[in-house]
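To keep things clear, I will list the structure first and then write my remarks on it.
The values are calculated or read from the model by the stated rules, or taken from the named source; none is laboratory data. Note that the coordinates shown come from a computational prediction; the quantities given were computed from them, not determined experimentally. Here the Cβ positions follow ideal geometry from the backbone for every residue, glycine too, while neighbour counts run over all protein chains shown.
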Amino acid sequence: MFQAVSSTGIASACCPQSDAIEEKAISILNREPRLARREVHCHAEEDCLVLRGRVRSFFEKQVAQEVLRRLDGVREIRNELEVHPEPEETSVNRFWFEPEDLSTEV
């Protein structure tokens, strides 16, 4: 299952507003079904939210950014998510058969 986390992992006493924004962002990302089983970290720096981690497509990268766009207190989102597509099964792999399976019997 998808688990968004703070990139620092440590609550900062100097920026309680940043901590609140970070908590809200993590909650929103954790509820987003289109990002299930993705590695996304977020960190709030004053009014900027930084996204880091890995997703499988540019669509997922954009989804992560867009679901946070209307979050109160965020003026900028720096989307540093990396796209790493999972290798797809090719038709050769899916339909692999042994040469003896190719009998020419009619």
- [ ] Looking at (1) part of a strand (DSSP E or B); (2) in contact with a Phe, Trp or Tyr (Cβ under 6 Å, 6 or more places away or on another chain); (3) among the basic types (Lys, Arg), find the lone condition where ARG37 falls short.
- [x] (1)
Task: Residues of segment 1-35 classified as β-branched (Val, Ile, Thr) and modelled with pLDDT of 85 or more, total - done: 3
Open item on the list: Can you tell me which of (1) among the aromatic types (Phe, Trp, Tyr); (2) modelled with pLDDT of 90 or more; (3) assigned to a loop (DSSP other than H, G, I, E, B) is the one PHE59 doesn't meet?
Closed with: (3)
Open item on the list: Within segment 63-76, does at least one residue satisfy the condition of being under 13 Å from the mean Cα position of the chain (by Cα), assigned to a loop (DSSP other than H, G, I, E, B) and either among the hydrophobic types (A, V, I, L, M, F, W, C) or at pLDDT 95 or above (or both)?
Closed with: yes
TODO: Would you mind telling me which numbered condition in (1) modelled with pLDDT under 90; (2) more than 16 Å from SER27 (Cβ to Cβ) ARG38 fails?
DONE: (2)
Task: Number of the exception - VAL83 against (1) at pLDDT 85 or above; (2) more than 10 Å from the chain's Cα centre (by Cα) - done: (2)
Task: Residue match in segment 48-55 (condition: at positive phi and assigned to a strand (DSSP E or B)) - done: yes
